[in-house]
Amino acid sequence: MKEAISDQHQSKPEKPGWFARWLLEPLPRVTDPGQRRKVRLLASFHLTNIALLMLNILRGLRGESHTPIYSLLGQVAAIIFVYVMARAGYIKTSSVITVLFSMVMPYTMLLENPNRPAEPFAWLALSLVLTSALFPWYGTVIVGALAAGSIIAYLNLTPSVMFGDVANVLMLIINLTILTIIFTNHRDRLEAARQLELREVNSQLKKQAEQLNIALEKAKEANRLKSDFLATMSHELRTPLNAIIGFTEIMLAGMGGQIDEDATHMTERIHANSKRQLTLINDVLDLAKIESRRVDIVKKPFSLQAMINGLVSETEVLAKQKNLDYQVKIDPNLPDVLIGDQGHIEQVISNLLSNAFKFTERGHVRLMVSRLDEDRWTINVSDSGVGIPPHALEYIFDPFRQVDSSPERVFQGTGLGLAIVDELVRAMDGTIKVESALGRGSIFVVSLPLDRVTQAEDRKVQA
Amino acid sequence: MTINKAVVSNWEVLVVEDEKDNREIAFRVLTFHGAKVHEAEHGAVGMALLDDINPTFILLDLSMPVMDGWEMLKQLKANPKTAAIPVIALTAHALVGDRERVIEAGFDGYISKPFSPITFLADLTKELPEAIKV
């Protein structure tokens, strides 16, 4: 950012003198309404002044004598002009007071001796203060030139129309110069303000970028800590539980000697509950991993048909236990090999199937695979089970929400299965929909993008 | 997978594992099936035991204090006396690519923890070289 600013400085061409700029450059475009009003006021008062001066010159050329009233009007305009200049911040208050005094003083002289041409002196005083307050060097030069003529006029002690007009012409030039300088000065101020603003914006941007970087680093660190925590926790939570399960299995297998029926029953309960606890821990950690976006979707060629065959042979026992009609329909055009995340797809189907069997006491469980379009496949798991009440359909995919969350609920589970399914399907760019009628069953439809492998890759996989 | 009881009863197994409970489960399952089992809580103890015994195979945990499984494997393979003993890795990290990593390092097989006492012997038999199974 710093480099950018210094670059701008370097690339800026050398500034031309104020006169060249007055001559060549367009007047500034002031965008701020307040600033615009100030500049317009300054310009209009100054133009009034110029008009009155020209009127004086005209009267002089026509041989008419100066009327104090016109000069007075000019001075009033000048006073207002100076006031506005001060308000706009172009001159200091102390300068204003000096100007006002210097303008009033010549008129007191004029009242004492009406023949004395006080005006040039008044203008001289005004210009002297104004220019020295505003412009360090060229103001003094202009005023210096004017001073000579004015003092001669004052020392002359006789009314001289021509001399007054020379002073008026000089004042006209000074007025025009001041007007120009006001504009250029104003433009410089705007430019400086713009530069300052630019620099401020730059440094602010830099600061923001730094803060963003710090925040990003902090977030990365927090995420790393969370990942480490998850990994440690999963190990720490599972180790003792696995020991419990291991020892109960040894007891149940009779490897630790024979135990009686009562002890067997209790050991079975320990085993079943430990298994449930392990599932719960695994589910929570799974969900945490998925939610912290630590799930990597690994797309590889795999056989959906073979996977489903495996799942069906595992779940057939459940169908037999409850005497359910278990139907599996797979689109005959399903390619042997598709590209997708086998492990996660299996987890999704397995979860949906185990739900279907859990909540169905009679009737059927169906698994259908069909083509949605060129590269999308739908996996449809339906059952004739208890179904889901309409109000629960809204939160069925939320973690830890179950249709029946009462302590006496009939169905056991962590309430995480569908949340995991939903997160996994979304991670694989798929969608999941559910339809259900209470007491009549549920239908879960998962659609997933599964690319076909090219012929060459197909052969490679088969080889 | 059928398990030949006579074969198992000829086994002399060295279990190197720092978790006492896991060691005991492996010990109970193997002795139940007739094998003779030696236990070591880390690699250094395991190496010291090998001066006196000549096991049929070694069950070796990967992460352990003092001397881990990777280091012990290196020492086993470096010693002509022990280089031929099959070594099966025991690991809690059941991650994709773990098997490749373990086999590449020179292990003969791989069993992921926790192992089920009921299927342990069958899983183990799958991993062992053919010569041991007969």
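The values are calculated or read from the model by the stated rules, or taken from the named source; none is laboratory data. In this text, all values refer to a predicted model and were calculated from it rather than measured experimentally. Here the Cβ is made from the backbone with ideal geometry for all residues, glycine too, and neighbour counts use every protein chain on show.
Tabulated values for the structure
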quantity: For B:Glu100: the one exception among (1) away from chain A (no Cβ under 11 Å); (2) in contact (Cβ under 8 Å) with a residue 12 or more places away in the chain; calculated: (2)
quantity: For A:Arg199: the one exception among (1) surrounded by 15 or more Cβ atoms within 10 Å (Cβ to Cβ); (2) assigned to a helix (DSSP H, G or I); (3) modelled with pLDDT of 85 or more; (4) within 14 Å of chain B (Cβ to nearest Cβ); calculated: (4)
quantity: Positions within the stretch B:10-60 being among the polar types (S, T, N, Q) and within 14 Å of another protein chain (Cβ to nearest Cβ), in sequence order; calculated: B:Asn22, B:Thr31
quantity: First in the stretch A:374-395 and of a type in the set (S, T, N, Q), second anywhere and part of a loop (DSSP other than H, G, I, E, B), Cβ under 8 Å, 6 or more apart; calculated: A:Ser384/A:Thr360; A:Ser384/A:Arg362; A:Ser384/A:Gly363; A:Ser384/A:Arg440
quantity: Sole residue being modelled with pLDDT of 90 or more and among the aliphatic types (A, V, I, L, M), chosen from B:Leu50, B:Leu60, B:Leu90; calculated: B:Leu60
quantity: Within the stretch A:247-276, tally of residues that are surrounded by fewer than 16 Cβ atoms within 10 Å (Cβ to Cβ), of a type in the set (S, T, N, Q) and either within 13 Å of chain B (Cβ to nearest Cβ) or not in a helix (DSSP H, G or I) (or both); calculated: 1
quantity: Condition check for A:Leu225: among the hydrophobic types (A, V, I, L, M, F, W, C) and either touching a residue at least 40 places away in the same chain (Cβ under 8 Å) or farther than 27 Å from A:Lys289 by Cβ (or both); calculated: no
quantity: Selected residue (criterion: farthest from A:Leu241 (Cα to Cα)) from residues of the stretch A:282-341 that are part of a loop (DSSP other than H, G, I, E, B) and within 14 Å of another protein chain (Cβ to nearest Cβ); calculated: A:Lys299
quantity: Residue under evaluation A:Ile244, criteria (1) in contact with a His (Cβ under 9 Å, 6 or more places away or on another chain); (2) away from every other protein chain (no Cβ under 13 Å); (3) assigned to a helix (DSSP H, G or I); (4) not aromatic (Phe, Trp, Tyr), criterion not met; calculated: (2)
quantity: Search result, residues across the stretch B:1-31 that are at pLDDT 90 or above and over 25 Å from B:Ala92 (Cβ atoms); calculated: B:Glu12
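Condition check ((1) more than 13 Å from A:Leu304 (Cβ to Cβ); (2) within 47 Å of the chain's Cα centre (by Cα)) across all residues:
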| site | (1), (2) |
| --- | --- |
| A:Leu324 | yes, no |
| A:Asn333 | no, no |
| A:Gln342 | no, yes |
| A:Glu346 | no, yes |
| A:Ala356 | yes, yes |
| A:Glu361 | yes, no |
| A:His364 | yes, no |
